[in-house]
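Okay, so here's the structure we're looking at.
The values are calculated or read from the model by the stated rules, or taken from the named source; none is laboratory data. Being a predicted model, the structure only gives us computed values, none of them experimental. Every residue, glycine among them, receives a Cβ derived from its backbone with ideal geometry; neighbour counts consider all protein chains shown. Ligands, DNA and RNA are stripped out before the accessible areas are found, and what is left, the full protein with its side chains, is counted by its heavy atoms. Shrake-Rupley method; radii C 1.70, N 1.55, O 1.52, S 1.80 Å.
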Number of protein chains: 2
Amino acid sequence: MQISEKEIKRRHSASHIMTAAVQMLFGKDKVKLGVGPWTEEGFYQDFELPESFSEKDLKKIEKKMRWIVNKNFPIKMQEVDEKTARELHKGDPYKQELIDEIVKNKEPITVAFIGDSLENAISAQLCEGPHLNNTSELGVFKLTKTAGAYWRGDEKNPMLTRIYGVAFENEKELEAYQQKIEEAKKRDHRKLGKELDLFTFSDLVGSGLPLWTPKGTLMRNLIVNKIKRLQSAFDYEEVAIPHITKKELYETSGHWAKFKDELFHVKGKGDTEFVMKPMNCPHHTQIYASRPRSYKELPLRFVETTMVYRDEQAGELLGLSRVRAITQDDGHIFCTQEQIKQELKNIISVIKDFYGSLGMFEKGQYKVSISVRDPQTPEKYLGDEKTWQKAEAILKEIVEEEKLEHEIVPGEAAFYGPKIDFMFKDALGRQWQLATAQLDFVMPERFSLSYIDKDGQKKTPVMIHRAIAGSLERFLSVMIEHFAGAFPFWLSPEQVRILPVSKEQNDYAKEVEQNMKKAGLRAKADLADETLGKRIRSARLQKIPYIAVVGEKEAKENKLTLQDRQDNKETLNTQEAIEKLLKENE
Amino acid sequence: MQISEKEIKRRHSASHIMTAAVQMLFGKDKVKLGVGPWTEEGFYQDFELPESFSEKDLKKIEKKMRWIVNKNFPIKMQEVDEKTARELHKGDPYKQELIDEIVKNKEPITVAFIGDSLENAISAQLCEGPHLNNTSELGVFKLTKTAGAYWRGDEKNPMLTRIYGVAFENEKELEAYQQKIEEAKKRDHRKLGKELDLFTFSDLVGSGLPLWTPKGTLMRNLIVNKIKRLQSAFDYEEVAIPHITKKELYETSGHWAKFKDELFHVKGKGDTEFVMKPMNCPHHTQIYASRPRSYKELPLRFVETTMVYRDEQAGELLGLSRVRAITQDDGHIFCTQEQIKQELKNIISVIKDFYGSLGMFEKGQYKVSISVRDPQTPEKYLGDEKTWQKAEAILKEIVEEEKLEHEIVPGEAAFYGPKIDFMFKDALGRQWQLATAQLDFVMPERFSLSYIDKDGQKKTPVMIHRAIAGSLERFLSVMIEHFAGAFPFWLSPEQVRILPVSKEQNDYAKEVEQNMKKAGLRAKADLADETLGKRIRSARLQKIPYIAVVGEKEAKENKLTLQDRQDNKETLNTQEAIEKLLKENE
């Protein structure tokens, strides 16, 4: 989400005012300061505080902040010399460390302060801005929580106290924000994932390593199969690779030099150094390279849904949003330069169909971002100028031809090629980057991939990396929160719950279940010895799209009463009901 | 395969006679001796030989062996004291090491020799027998190859020269053996795997880590889907797990204490010790344990086709037969004791159907082995006596009821429960253990798994481990060699190759291809600019079950001429052909 300059100023100023309030309450010499930036959500400031501090102090700090706001203090910035800066943060090792760096980089030192002049300021600190002009402009604000945070995010450093807050122009905006937070809590995929029994974590297996229960696995398979079906017209071929490799594979791809410290390293009894795969492309190049290729075989399109591993910090892991074992619906296309455009169009067609089936490819709901080179630094990119120019032009052509809402982002291309990312807005307006297609002019060359062209010449293919759902973990976390667990019919692990009114209809309910299953619907009869009301509530809690109630009359007439999530009821012949549901399944 | 006592004696004696021949040719003092056992195939002896030795010397050794055979030397065994033994192998560090051990274990020292007495023997060495009585009984023999072999299989020890040979009662048996070897070479899955483009290895990825090409992956999927379909009546549910875990999971399961040196260890930046999974059961217990369970939910049946990792020695890796990344079609059933029998029957029904569809579940083609406790050592097994008795009785009942050819093998049960293994004979008469079902009374307890029974009591479920294909790598290596690449119709990656007689029929061939694909057949039109003969040969080399030739007449009449692998021809209406093939697909 784009945040306006005004809101950035508001959030950043709120952080300064909070700092001033904390200093006034605990004493300037008792408080040391880490960083205090604005964020997507609001703002925070890291503090080293006296031991007496507790979450209860937030109210006091808010009160003091209000006092500062009401005093109409100016907020100003000023360049200072090193000595002044060091004097200002005397005894504060964190700010001194930051000053060391600014001096080393020969950058100007600026401080921000609240008050008429630096000398008379109620609070001042090293800062690059931007700010509001006066504390009175702050609007409404709220401190939301505190958390521990290592200085510079490094667990070898001291732990500081981070105080978070939000700031808005008016009460209405704050209320909307608070409602959104409440709604997000209700939709939290960690909470719903447990309630709907989709996945679990085990202390014995480790954090960031989800275990997929039958229902969650079914949803994963439904997604993968849907994508498979949508792209079946484009001759993708499945391949399968092991999850480890010798490090030599990544030495060749170039990943070893850049990322070796980020990888999971694997050691057996022997001397060979193995690594867990953090991506699949290098493995897939080896299938391409397993025999000579002719232009007649291209494009070759390999797909595989498989897990990759990233050594995320334990503290950064979060439900399915940030995990250590990531399932990618990965694909790699090896093609000639002439084939790039058609291949990209095919990929976009699948993305459109797939997100369309989720109701997410509507105007204003999605955005396409095209990452091209920074024209100022052509030396940062590998591959020849002509190929790049052509590829970037193709990407622009395609989004025009397909009339996609898009933006061109210079400088965001990878060093190996330009890319096209698809962002989708969820029900709470949060934006997620999910699908992607990336051109790669470098890896085929590094792995000496080749094909014999029409003219008998050996040529290097282009590689396209593509993912439709992206990471299944992330995708499912977004789906769970977007639909609040009430998934579209095709994605629901259970589609119909059949409820006999009384025991007398148990046999009939079982029969309906069998018929629905045979037709390919995911149906289940609930014959538990409970009241109908209780069984309806249980089906509602599981957010099953339909319940089919069968009483004496229905059983006699071979019918059922279908009830959707909005309690619309319809009594249908069983066969009609099956046909109706099968139609919805498409 | 069971080898008769007579053949064991023949093979082992052949090894002694070979040793005598080598000693006579190179001089007893120039030759040091490793071990010389009989094997499944024949025999070998490890030697430290003078540098002058080469594979060419095998002929000379055979000649000298024949001389020894013709001399009708007795072969005898005799117990000796340590001094005599040490004197006999003076200067031979390997045999001295073996003597050290025998002395340490206070076992009797026996030597075998060729000749009237130990003093007059042409050759003598430390040996436990058994042997023929006279060299004249040897029959026919052949030295087959030499290879390097580390002393005691440890790469830190010196490399010895291993000479392999075979021995038979008569020429006819030797010829049959040689024919079988020739046939096995033709069927070698490494050779056929390359020719049919099913899998590949990459030096960059590492040995023992197969990469599955599109065709091989398709075959894997066909197998997995077939099993899925066959067991769909039994309510198996798919789950999905990451390939790593904290070591704590295996500490709890008990595997850590026993196998930690055999595992691949995984290290990231943090201190957590991760391991690559060598089996899936402990992970699956954690899905069971993710919430309270009631007797109403049992049996719970989790299945997953996923890779496990074993740190095999590089020297032991062999094509798909012995790999480091093994794909298991694994399943774990959690049930009550009362449910064991029905669950096992369900598993056996799937095994019967699956191997039946491959023509391998015929009388004499398969064997069932039931592994029970060794009644002499009840202390070796965990779990209570009554449960064991009942479980073993159930296994015996089932094989009787199902009229399966079987044998009961005492002492072969795992410490955690009895098991039932399915062995299948391939086209060369080699026997392979593929499917298995194992009862487990221990792991549920170690992981504190429980369910609330009818009576409200907390009880521990029984676990059944089951695999139908076993390891997909091993299974496919067996399939490739058994069928010599000419797979059954349902398992063929390409089922029909459509060949237009001339370019004029290209469009029609494409149309037939499209219609067949739509019907769910794996068809491909070969429109290459080659003669029909050449395109037929190419289809034959790929062992495609059917070729469909379409000439002018066929195109005009909407027909095709179907030709199977035995060249049986049949001209059919395209729709008829599709129906015929679809029927065969089932």
Out of all the residues in segment B:236-254, which are among the hydroxyl-bearing types (S, T, Y), surrounded by 22 or more Cβ atoms within 10 Å (Cβ to Cβ) and at the interface with another protein chain (Cβ under 7 Å from one of its Cβ atoms)?
-> B:T245
From (1) assigned to a helix (DSSP H, G or I); (2) within 18 Å of the chain's Cα centre (by Cα); (3) within 10 Å of chain A (Cβ to nearest Cβ), pick out the condition that doesn't hold for B:D311.
-> (1)
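Based on what the data block shows, is B:D374 in contact with a Pro (Cβ under 6 Å, 6 or more places away or on another chain) and more than 30 Å from B:D455 (Cβ to Cβ)? Write out each step before concluding.
Values: in contact with a Pro (Cβ under 6 Å, 6 or more places away or on another chain): yes; more than 30 Å from B:D455 (Cβ to Cβ): yes.
Yes; evaluated as a whole, the condition is true for this residue.
Any idea which of A:I75, A:I68 is touching a helix residue (DSSP H, G or I) at 6+ places or on another chain (Cβ under 7 Å), among the hydrophobic types (A, V, I, L, M, F, W, C), within 20 Å of A:D29 (Cα to Cα) and open to solvent by less than 60 Å² (accessible area, probe 1.4 Å)? Full working, then the answer.
Numbers: A:I75 fails: within 20 Å of A:D29 (Cα to Cα).
Of the residues listed, the single one that is touching a helix residue (DSSP H, G or I) at 6+ places or on another chain (Cβ under 7 Å), among the hydrophobic types (A, V, I, L, M, F, W, C), within 20 Å of A:D29 (Cα to Cα) and open to solvent by less than 60 Å² (accessible area, probe 1.4 Å) is A:I68.
Just to verify a result, which residue in segment A:260-304, among those that are in a helix (DSSP H, G or I) and farther than 29 Å from A:V224 by Cα, is farthest from the other protein chains (Cβ to nearest Cβ)? It would help to see each step written out before you state the result.
Within segment A:260-304, the subset in a helix (DSSP H, G or I) is A:260-262, A:281-288, A:295-297.
In the following step, the residues that additionally are farther than 29 Å from A:V224 by Cα were identified as A:260-261, A:295.
Working: A:K260: 11, A:D261: 7, A:Y295: 13 Å.
So, considering only residues that are in a helix (DSSP H, G or I) and farther than 29 Å from A:V224 by Cα, the one farthest from the other protein chains (Cβ to nearest Cβ) is A:Y295.
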Assess whether A:L476 counts as being farther than 30 Å from A:I340 by Cβ, of a type in the set (A, V, I, L, M), open to solvent by less than 10 Å² (accessible area, probe 1.4 Å) and in the same structural domain as A:E412 (by TED's automatic domain parsing).
-> yes
Qualifying residues in segment B:314-338 (those that are hydroxyl-bearing (S, T, Y) and either within 12 Å of another protein chain (Cβ to nearest Cβ) or within 20 Å of B:D235 (Cα to Cα) (or both)) - the one surrounded by the fewest Cβ atoms within 10 Å (Cβ to Cβ) | B:T336
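Among residues belonging to segment B:533-582 that are of a type in the set (K, R) and farther than 28 Å from B:D197 by Cβ, point out the one that is surrounded by the fewest Cβ atoms within 10 Å (Cβ to Cβ).
Filtering first and then ranking leaves B:K556.
Of everything in segment B:109-125, what is assigned to a strand (DSSP E or B), over 16 Å from B:M24 (Cα atoms) and either open to solvent by 10 Å² or more (accessible area, probe 1.4 Å) or of a type in the set (F, W, Y) (or both)? Give them in sequence order. Write out each step before concluding.
Here is the first cut: in segment B:109-125, the ones assigned to a strand (DSSP E or B) are B:109-114, B:123-125.
Keeping just the survivors that are over 16 Å from B:M24 (Cα atoms) gives B:109-112.
Of everything in segment B:109-125, those that are assigned to a strand (DSSP E or B), over 16 Å from B:M24 (Cα atoms) and either open to solvent by 10 Å² or more (accessible area, probe 1.4 Å) or of a type in the set (F, W, Y) (or both) turn out to be B:I109, B:T110.
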Report yes if B:I227 is free of Cβ contacts under 8 Å to residues at least 60 places away in the same chain, of a type in the set (A, V, I, L, M, F, W, C) and farther than 23 Å from A:A325 by Cα, otherwise no.
-> no
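Restricting to helices (runs of 4 or more DSSP H) lying wholly in segment B:381-493: which have 1 or more residues that are touching an Asp or Glu at 6+ places or on another chain (Cβ under 8 Å) and not small (G, A, S)?
B:472-482
Please verify whether segment A:502-517 includes one or more residues that are over 32 Å from the mean Cα position of the chain (by Cα), on the phi > 0 side of the Ramachandran plot, surrounded by fewer than 17 Cβ atoms within 10 Å (Cβ to Cβ) and hydroxyl-bearing (S, T, Y). If you could, list the steps in order and put the result at the bottom.
So in segment A:502-517, the residues over 32 Å from the mean Cα position of the chain (by Cα) come out as A:502-517.
Now narrow it down to the ones that are on the phi > 0 side of the Ramachandran plot: none.
No, segment A:502-517 has no match at all.
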Just a yes or no: is a residue in segment A:269-286 modelled with pLDDT under 95, open to solvent by 20 Å² or more (accessible area, probe 1.4 Å), closer than 30 Å to A:K156 by Cα and assigned by TED's automatic domain parsing to the domain that holds A:D455?
-> no
Does segment B:158-188 hold any residues that are of a type outside the set (V, I, T) and in contact with a Leu (Cβ under 9 Å, 6 or more places away or on another chain), and which are they?
-> B:L160, B:Y164, B:G165, B:A167, B:F168, B:K180, B:E183, B:A184, B:K186, B:R187
Restricted to segment B:208-230, and to residues that are touching a Lys or Arg at 6+ places or on another chain (Cβ under 8 Å) and assigned to a loop (DSSP other than H, G, I, E, B), which residue is farthest from the other protein chains (Cβ to nearest Cβ)?
-> B:G208
Among the residues of segment B:176-192, is there at least one that is within 30 Å of B:S54 (Cβ to Cβ) and within 14 Å of another protein chain (Cβ to nearest Cβ)?
-> yes
Matching residues in segment A:288-313 - criterion: being over 30 Å from A:Q342 (Cα atoms) and open to solvent by less than 20 Å² (accessible area, probe 1.4 Å) | A:Y309, A:D311
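Identify, from the list B:A257, B:A184, B:A233, the residue that is in a helix (DSSP H, G or I), open to solvent by less than 70 Å² (accessible area, probe 1.4 Å) and at pLDDT below 95.
Details: B:A257 fails: open to solvent by less than 70 Å² (accessible area, probe 1.4 Å); B:A233 fails: open to solvent by less than 70 Å² (accessible area, probe 1.4 Å).
Sole residue among the options that is in a helix (DSSP H, G or I), open to solvent by less than 70 Å² (accessible area, probe 1.4 Å) and at pLDDT below 95: B:A184.
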Report yes if A:A14 is open to solvent by less than 40 Å² (accessible area, probe 1.4 Å), in a helix (DSSP H, G or I), touching a helix residue (DSSP H, G or I) at 6+ places or on another chain (Cβ under 8 Å) and modelled with pLDDT under 95, otherwise no.
-> no
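Looking at segment A:33-52 only, could you name the residues that are in contact with a Pro (Cβ under 9 Å, 6 or more places away or on another chain), crowded, with 20+ Cβ neighbours inside 10 Å and farther than 17 Å from A:E169 by Cβ? Outline the logic, then answer.
Here is the first cut: in segment A:33-52, the ones in contact with a Pro (Cβ under 9 Å, 6 or more places away or on another chain) are A:43-45, A:48.
Of the ones still in play, those that are also crowded, with 20+ Cβ neighbours inside 10 Å are A:43-45.
Within segment A:33-52, A:Y44, A:Q45 qualify.
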